[in-house]
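What follows is a single structure, written as C-alpha cells, with notes after it.
Every number here is computed from the coordinates shown, using simple stated rules; none is lab data. Source: prediction; values computed, not measured. Here Cβ is always computed from backbone atoms with ideal geometry, including for glycine, and neighbour counts include all displayed protein chains.
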Amino acid sequence: MNLLKNIKTRLLTTTGLVVFATCGLNIGLNVNAQSLANTEGTLLIAQKLGEIERKIELSEVPATVLSSATAATGAKPTTAQVQINPDGSTVYELGGQNQQGFEFEIEIKPSGEIIEVDEQVEKSAVPEEVMKALKFWLPDAQIVSTWRSTRYTSFDYYYEIVIDNDFGVELPADGKTLKIYPL
C-alpha cells in the first residue's frame, strides 16, 4: 500500500510538470515548504503557496498600466509579466530602458496604481551609508549593478546591489539593515 502511495505521489507530480510543459506556459511558482521525516522516509509539505508569475506580451497589459509605467519612468516598457499573489490580487511587472540607457522595472496594480519602481543607477548615486554597510558586511563583494528602489506604498527608498551575478542585497538609504536574496 505504501508503494502505491509513493507511485501516486510521483505520478501526480510528474503529471503536473507535464501539463505545464505541454501547455507551453512559462510560469514561475514560489512555494515555501519544509521537509518532515516520518518512519518511511521524508515528506515535503508545501506550507504556503507564493505568487505565480507568467511572462506576457505587452498587448496583454491594460492601457492604464502601460500609461502609468510610461509616465513614471519616462520610457515605454519592452517586457511584461503578470503576477498573481496568494491573496488573489494581480500585479503587472514591466521592464525596459530609460532615456539614459539604464534598465528599469516597475510593479503596477491593474488600476494603474504604482507599487514600486526599480531603476538602475550609477554606483556614485548610492548613498555613502549604504556603501559603508555593504563594505562592512561584504568587504570583497564584486558589484555588478546598482539599483534604486522606490516603494510607493511607504515612500521609502532602498538600494539593491547585484553581487557577482549570484545574489543581491537590499539596503535602506540609511544603510542600517541588509537583506540578502538569491537571483
Completion exercise
Of (1) exposed (fewer than 12 other Cβ atoms within 10 Å of the Cβ); (2) within 16 Å of GLU160 (Cα to Cα); (3) small (Gly, Ala, Ser), SER111 fails just (2)
Exercise for the section: Of the conditions (1) under 20 Å from GLY95 (Cα atoms); (2) of a type in the set (A, V, I, L, M); (3) surrounded by fewer than 16 Cβ atoms within 10 Å (Cβ to Cβ); (4) in contact with a helix residue (DSSP H, G or I) (Cβ under 7 Å, 6 or more places away or on another chain), ALA173 clears all except one; give me its number. Expected result: (1)
Handout entry: Any hit, the stretch 122-138, residues being part of a strand (DSSP E or B), out of contact with any Gly (no Cβ under 8 Å at 6 or more places or on another chain) and surrounded by 13 or more Cβ atoms within 10 Å (Cβ to Cβ)
Key = no
Fill in the blank from the handout: Of the candidates THR79, THR150, THR90, the one satisfying the condition of being closer than 29 Å to PRO62 by Cβ and in contact with a Gly (Cβ under 7 Å, 6 or more places away or on another chain) is THR79
Exercise for the section: Output yes when any residue across the stretch 88-102 is of a type in the set (S, T, N, Q), surrounded by 15 or more Cβ atoms within 10 Å (Cβ to Cβ) and touching a residue at least 24 places away in the same chain (Cβ under 8 Å), and no when none is. Expected result: no
Practice task
Tally the residues that are of a type outside the set (Phe, Trp, Tyr) and assigned to a strand (DSSP E or B), restricting the search to the stretch 52-105.
Solution key: 20
Practice task
Pick out the one residue from THR78, THR73, THR64 that is at negative phi, in contact (Cβ under 8 Å) with a residue 12 or more places away in the chain, surrounded by fewer than 15 Cβ atoms within 10 Å (Cβ to Cβ) and β-branched (Val, Ile, Thr).
Solution key: THR78
Exercise for the section: Please find, within the stretch 142-155, the residue that is surrounded by the fewest Cβ atoms within 10 Å (Cβ to Cβ) out of those that are free of Cβ contacts under 8 Å to residues at least 24 places away in the same chain and either in contact with a strand residue (DSSP E or B) (Cβ under 6 Å, 6 or more places away or on another chain) or more than 26 Å from GLN83 (Cα to Cα) (or both). Expected result: GLN142
